[in-house]
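Peer 1: Got a structure for you, written out below as structure tokens; questions coming shortly.
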Amino acid sequence: MSNVLIINAHHHYPFSPGNLNQSFVDKAQTLLANKGYNIQISKPSEGFDVEAALAQHQWADIVLVQMPLNWMGVPWSFKKYMDEVYTAGMGGALCHGDGRSADAPQKNYGRGGTLGGTRYMLSVTANAPLQAFNDPEEFFDGHSIDDLLMPMHMNFKFFDMTPMPTFSAFDVMKNAQPEADFARFQDHLETHF
């Protein structure tokens, strides 16, 4: 039986209370629990204990981060969590420093991770439509959603974690299609878990 840490990285705003991201978390929890996974859930915007958060990452075989894209990145409460938890983990819980040594200070940057064998999945909700990506004539200049998420991918690579395919729900504010997104999300989880 595998362990899954689900991080609900949504941050509440009056115009965005977080119902959609919470629904994705609920659906993941139900589906994965029914498949026999052990589940823990964290919601950084409600507060967190650094040592407990590190223990959750060490416990997990898979970390699923559910988040909205806020200004092309993570919500600030999740960024705070990352700054505090991931920095505290550099003493060996998540990585041994940045991987370099005094003997070879120019080599092995980012190769000190201690979570080899742990996988992660990013699941994002975005106001941008799918058509804004992967097209050089559109806003993102031909870049993909994973290009936009590269800093997150690099954070987890720093811990020696392995990526799973990203899930994205697009155009969630102006042209929301939650039932279709939920169906695609279920298929995504069934395929990759």
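The values are calculated or read from the model by the stated rules, or taken from the named source; none is laboratory data. Just so it is clear, the model here is predicted, and its values are computed rather than measured. When we count neighbours, we look across all protein chains shown, and the Cβ atoms used for this are built from the backbone with ideal geometry, even at glycine. For accessibility, only protein heavy atoms count, side chains too; no ligands or nucleic acids. Shrake-Rupley method; radii C 1.70, N 1.55, O 1.52, S 1.80 Å.
Peer 1: What share of the DSSP beta bridges in the stretch 77-193 is antiparallel, in percent to the nearest 5? Mind dumping the intermediate values first?
Peer 2: Numbers: 3 of 8 bridges.
Bridges in the stretch 77-193 that DSSP calls antiparallel: roughly 40 percent.
Peer 1: Show the residues, 5+ positions off or on another chain, whose built amide H is closer than 5 Å to the amide H of S42.
Peer 2: I6, I7, N8
Peer 1: Using the Karplus equation 6.51 cos²θ - 1.76 cosθ + 1.60 (θ = phi - 60°), what ³J(HN,Hα) coupling, rounded to whole Hz, does each residue of the stretch 82-97 give in order, writing x for Gly and Pro?
Peer 2: Coupling constants for the stretch 82-97: 4, 4, 7, 6, 5, 5, 5, x, 6, x, x, 5, 10, 6, 9, x Hz.
Peer 1: Can you give me the long-range amide H partners of S168? Hydrogens built in the peptide plane at 1.01 Å from N, cutoff under 5 Å, separation of 5 or more residues or another chain.
Peer 2: Answer set, sorted by chain and number: V124.
Peer 1: Leaving ligands and nucleic acids out of the surface, order I41, I62 by accessible area at 1.4 Å, largest first.
Peer 2: Heavy-atom accessible area, descending, gives I41, I62.
Peer 1: How many Lys pairs in the chain lie less than 25 angstrom apart by Cα atoms, where the lysines are 8 or more positions apart or on different chains?
Peer 2: 11
Peer 1: Using θ = phi - 60° and the Karplus curve 6.51 cos²θ - 1.76 cosθ + 1.60, what whole-Hz ³J(HN,Hα) does each residue of the stretch 98-112 get, with Gly and Pro shown as x?
Peer 2: Here the 3J(HN,Hα) series is 9, x, 7, 10, 5, 6, 9, x, 9, 10, 6, 4, x, 10, x Hz.
Peer 1: Follow-up. So who's got an amide H within less than 5 Å of the one on S144, skipping anything under 5 residues away but keeping other chains? H placed 1.01 Å off N, in plane.
Peer 2: It is N134, by chain and number.
Peer 1: Give me the one-decimal nm value for the distance between modelled label points at A132 and N19, 7 Å along each residue's Cα-to-Cβ direction.
Peer 2: 2.2
Peer 1: Listed highest first by mean packing, meaning other Cβ atoms within 10 Å per residue, what order do 168-176, 47-55 come in?
Peer 2: Answer by packing, highest mean first, reads 168-176, 47-55.
Peer 1: Something else about it: Please identify every one of the trypsin sites (Lys or Arg not before Pro) in the stretch 13-117 that sits in a loop by DSSP and has no more than 16 other beta carbons within 10 Å of its own beta carbon.
Peer 2: Listed in order of number, the matching sites are K35, R100, K107, R111.
Peer 1: Could you give the distance between the Cα centres of the stretch 42-77 and the stretch 118-193, to the whole Å?
Peer 2: 17
Peer 1: Specify which labelled value, from (i) 18.0; (ii) 17.4; (iii) 16.3, agrees with Kirkwood radius over Cα pairs in Å derived from the coordinates of the model shown.
Peer 2: After the calculation, the listed value that fits is (ii).
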